[in-house]
Every structure is written in structure tokens, then in C-alpha cells.
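One structure is given below, encoded as C-alpha cells.
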């Protein structure tokens, strides 16, 4: 088994990070499940200098599965609704 780590640091003023877990579980994880070799993912959060950092370790069956993920990865943007 192999792992890949990604992190996201929120930069928008007033973004409290409450929408990211929902987005992660509702959108990101279902898409990851469609990629061959995906085993699982977690979402961790920490306060870092008045910003929130999200760390996402993903687990894969092999390094080749991670390489395949790298060719299909989509980038997500969290926005703040006013």
C-alpha cells in the first residue's frame, strides 16, 4: 500500500472551514472511489497562523495507482458565500 499527502491552506478572510468537510465527503471522496487502486482517504484540519490547513492523506494499492491518480486529478476551489 502507498500513500499520497495533499494539503490546502485557506486564504479567504472569514472562511471558517465548515464547508470543506462536506465538500470532501460529498464530492471528492465519491470521485476518488472511481479511480482504480484507491483504498481510502482522511481529512484533517488545523489552525495555522489564523488560517485553516486541511491535510488529506490518500491510500492507494500501489505507486502505479498514485501515478494514475496524478493524471486524472481535479483541483477543487472552496469559496465563501456572503
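The values are calculated or read from the model by the stated rules, or taken from the named source; none is laboratory data. Computed from a predicted structure; not experimentally measured. Heads up, the Cβs are rebuilt from the backbone with ideal geometry, glycines too, and the neighbour counts pull from every protein chain shown.
Restricting attention to the stretch 2-18, the residues that are loosely packed, with under 10 Cβ neighbours inside 10 Å, at pLDDT 65 or above and assigned to a loop (DSSP other than H, G, I, E, B) add up to 2.
Of all residues in the stretch 31-51, those being surrounded by 12 or more Cβ atoms within 10 Å (Cβ to Cβ), touching a residue at least 24 places away in the same chain (Cβ under 8 Å) and part of a strand (DSSP E or B) number 4. Just checking, does the stretch 59-79 include any residue being exposed (fewer than 10 other Cβ atoms within 10 Å of the Cβ), modelled with pLDDT of 70 or more and touching a strand residue (DSSP E or B) at 6+ places or on another chain (Cβ under 7 Å)? Taking every residue of the stretch 59-79 in turn, none turns out to be exposed (fewer than 10 other Cβ atoms within 10 Å of the Cβ), modelled with pLDDT of 70 or more and touching a strand residue (DSSP E or B) at 6+ places or on another chain (Cβ under 7 Å). Only one residue in 56, 28 is surrounded by 14 or more Cβ atoms within 10 Å (Cβ to Cβ), assigned to a helix (DSSP H, G or I), touching a strand residue (DSSP E or B) at 6+ places or on another chain (Cβ under 9 Å) and modelled with pLDDT of 85 or more. Which one? Testing whether each residue is surrounded by 14 or more Cβ atoms within 10 Å (Cβ to Cβ), assigned to a helix (DSSP H, G or I), touching a strand residue (DSSP E or B) at 6+ places or on another chain (Cβ under 9 Å) and modelled with pLDDT of 85 or more leaves just 28.
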